[in-house]
Amino acid sequence: MAFILIVEDEEAINELVKRNLQLVGHRCHSVFDGKTALSQMKHQSYDLMILDIMLPGIDGFEVIKQANEIPTIFLTAKNSLPDRVKGFSLGADDYLTKPFEMLELLARVEAVLRRTMKTANYFESGNVKIDFSSRQVFHSGQLVECTPKEYELLEVLVNNRNIALSRERLLELVWGYDFEGDTRTVDVHIQKLRKKLGWEERIKTVYKLGYRLEAGR
Ligand code: CA
């Protein structure tokens, strides 16, 4: 898993982002202003930085300019096109505006890490291995045949491992808002994944809510 620097002056957001990234298994370091971020980078190497723009003292644009090529996701209230363009032209890997959804941030973090860390191209837990680049799933070295929806559901569970997800949310994320079916579709697919991967114990049913994938932290 990755070592992530969170540069965000709003303490509640900083804490929330940290807690969720830790839940999915990353190590995090929180700082609350640009100057501290820059001095931290001299002592530590990070795999990724989540960077606010409006910060006390040195702003996020200045931080990324002075940072030494750390993969960066901007997380900011500045949502104008010129700001986005500036963010990307300064080398950002992604740009997410507030208010944001935690699940979206987690998905984007995983996507950037997969591009930037060679080791993050697959997920391994027990005897199950998922290769994200080829979208292949292996159980004890044997290829598991998954339908596209089973694979997408699996990817959502893995990206949000250790976090409880409601059936409605899973339905929305995997099948889309305008899907006509109901949440039983989710249950059926979960049953299939449990059976195919031997994950009866790993994919927990969360009472009256949905499911949670338990994976190493
Ligand atoms: Ca701010």
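Points to keep in mind about this one:
- Taking all Cα pairs closer than 8 Å and separated by 6 or more residues, the relative contact order of the range 122-213 comes to 26 percent.
- With 32 Å as the limit, the listed pairs LYS65/LYS204; LYS18/LYS65; LYS35/LYS204; LYS35/LYS129; LYS18/LYS129; LYS18/LYS149 have LYS65/LYS204; LYS35/LYS204; LYS35/LYS129 beyond it between alpha carbons.
- Estimated from helical segments only, the mean residue ellipticity of the chain at 222 nm is -11500 deg cm²/dmol, where each DSSP H run of four or more residues counts as -39500 (n - 2.57).
- Length-normalised contact order of the chain in % [C-alpha pairs under 8 Å, at least 6 apart]: 15
- With neighbour counts taken as other beta-carbon atoms within 10 Å, the residues TYR95, TYR151 rank, fewest first, as TYR151, TYR95.
- Going from the fewest other Cβ atoms within 10 Å to the most, the residues ARG184, ARG115 appear in the order ARG184, ARG115.
- Translational diffusion coefficient (Stokes-Einstein; Kirkwood radius from C-alpha pairs) of the chain at 20 °C, 1.002 mPa s, in µm²/s: 116
- FRET efficiency, HIS43 to LEU23 (Cβ-Cβ, R0 25 Å, nearest 0.05): 0.45
- For GLU152, GLU200, GLU110, the sequence from fewest to most other C-beta atoms within 10 Å is GLU200, GLU152, GLU110.
Where a number appears in this text, it was derived from the coordinates with a stated rule and is not lab data. Because the structure is predicted, anything quoted here is derived from the model rather than measured. Virtual Cβ from ideal backbone geometry, glycine too; neighbours counted across all protein chains shown.
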